[in-house]
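Here's the structure, in structure tokens; my notes come after.
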């Protein structure tokens, strides 16, 4: 960028010295702006469409449910935030529910990430017979709908005595096919010569993996952590089947109990949904740079 700016200043100075009018110098810049304006307008429109639902969620969470059905709709925040928060806490114990979701999501993210990282590293680095078949079998599991697995998984959890327990939410999905594939693709770009040099120097496999491979793979690991945490945080069908005690509910399951046959507390739902998205925003802001770098890690070669 510095070289481009310097080159532009030099060219502009020469043009002015040679007597070229200033409007002739600005023509390429104006032409680029005109040609790119449809793209900018499309991006602005898409951004507005993406932000409007969140703005409405913020506004709706500060009004009563009856205020959300008046004409015209409220366009500014109201003064019912604390009342809605107190009602939300009284109806579903939202504080405990958030702690439950954080516990399940964090534990699952830690152990599932470890499994995905180690499996991806093994599939990318080691050469053994049947490696391609094993990778293909892992990828095939991504094509199986979750609805097909509900009945056999439920029977397995019942036989193990894990109904209404957190281990039933965590253990069956530790080996995540997408996470393994993501880490495998990231480790494919790692120079094998560095691993071989570490082995020649006497480093064992665990030290080589921890001291040499992991620091380089931080962008892919950040992307894996974000994906894994979000998938577990938003899980609904499986926790709904497994959890029976209200004090063990996660956020999606607890919010679902607020939808009754004759009455729906929309303002409470909006507030609960708003508070439930805050950990995801914080997680993405913390790992934003690493997340983008991890997704684009294998896009450019050379």
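Got a number for residues in the range 59-77 being touching a helix residue (DSSP H, G or I) at 6+ places or on another chain (Cβ under 7 Å) and within 17 Å of residue 273 (Cα to Cα)?
Selection size over the range 59-77: 8.
How many residues are closer than 12 Å to residue 124 by Cβ and surrounded by 13 or more Cβ atoms within 10 Å (Cβ to Cβ) if we restrict to the range 186-208?
Matching residues across the range 186-208 total 6.
For residues in the range 82-110 being in contact with a helix residue (DSSP H, G or I) (Cβ under 7 Å, 6 or more places away or on another chain) and under 23 Å from residue 181 (Cβ atoms), which is surrounded by the fewest Cβ atoms within 10 Å (Cβ to Cβ)?
Among those residues, the one meeting the criterion is 107.
Is it fair to say residue 282 is assigned by TED's automatic domain parsing to the domain that holds residue 189, within 30 Å of residue 214 (Cβ to Cβ), modelled with pLDDT of 80 or more and loosely packed, with under 15 Cβ neighbours inside 10 Å?
Values: assigned by TED's automatic domain parsing to the domain that holds residue 189: yes; within 30 Å of residue 214 (Cβ to Cβ): yes; modelled with pLDDT of 80 or more: yes; loosely packed, with under 15 Cβ neighbours inside 10 Å: yes.
When the stated conditions are applied, residue 282 passes them.
What residue, among those in the range 203-217 that are touching a helix residue (DSSP H, G or I) at 6+ places or on another chain (Cβ under 6 Å) and part of a helix (DSSP H, G or I), is farthest from residue 282 (Cα to Cα)?
Just the residues of the range 203-217 that are touching a helix residue (DSSP H, G or I) at 6+ places or on another chain (Cβ under 6 Å), to begin with: 208, 212, 217.
Restricting the remaining residues to those that are part of a helix (DSSP H, G or I) gives 208, 212.
Values: 208: 32, 212: 29 Å.
Of everything passing the filter in the range 203-217, 208 is farthest from residue 282 (Cα to Cα).
Would you check if there is a residue in the range 210-230 being buried (at least 16 other Cβ atoms within 10 Å of the Cβ) and closer than 22 Å to residue 57 by Cα?
Within the range 210-230 (the criterion being buried (at least 16 other Cβ atoms within 10 Å of the Cβ) and closer than 22 Å to residue 57 by Cα), the answer is yes, since at least one residue qualifies.
Within the range 154-164, can one find any residue that is part of a helix (DSSP H, G or I), surrounded by 13 or more Cβ atoms within 10 Å (Cβ to Cβ) and either at pLDDT below 90 or within 25 Å of the chain's Cα centre (by Cα) (or both)?
no
Name the one entry in 35, 30, 68 that is at pLDDT 80 or above and part of a helix (DSSP H, G or I). Reasoning before the result, please.
Numbers: 35 fails: at pLDDT 80 or above; 30 fails: at pLDDT 80 or above.
Just one listed residue meets the conditions, 68.
The values are calculated or read from the model by the stated rules, or taken from the named source; none is laboratory data. The shown structure was predicted, so the numbers you read here are calculated from the model rather than taken from an experiment. Neighbour counts are summed over all protein chains in view; Cβ atoms, including those assigned to glycine, are modelled from backbone coordinates with ideal geometry.
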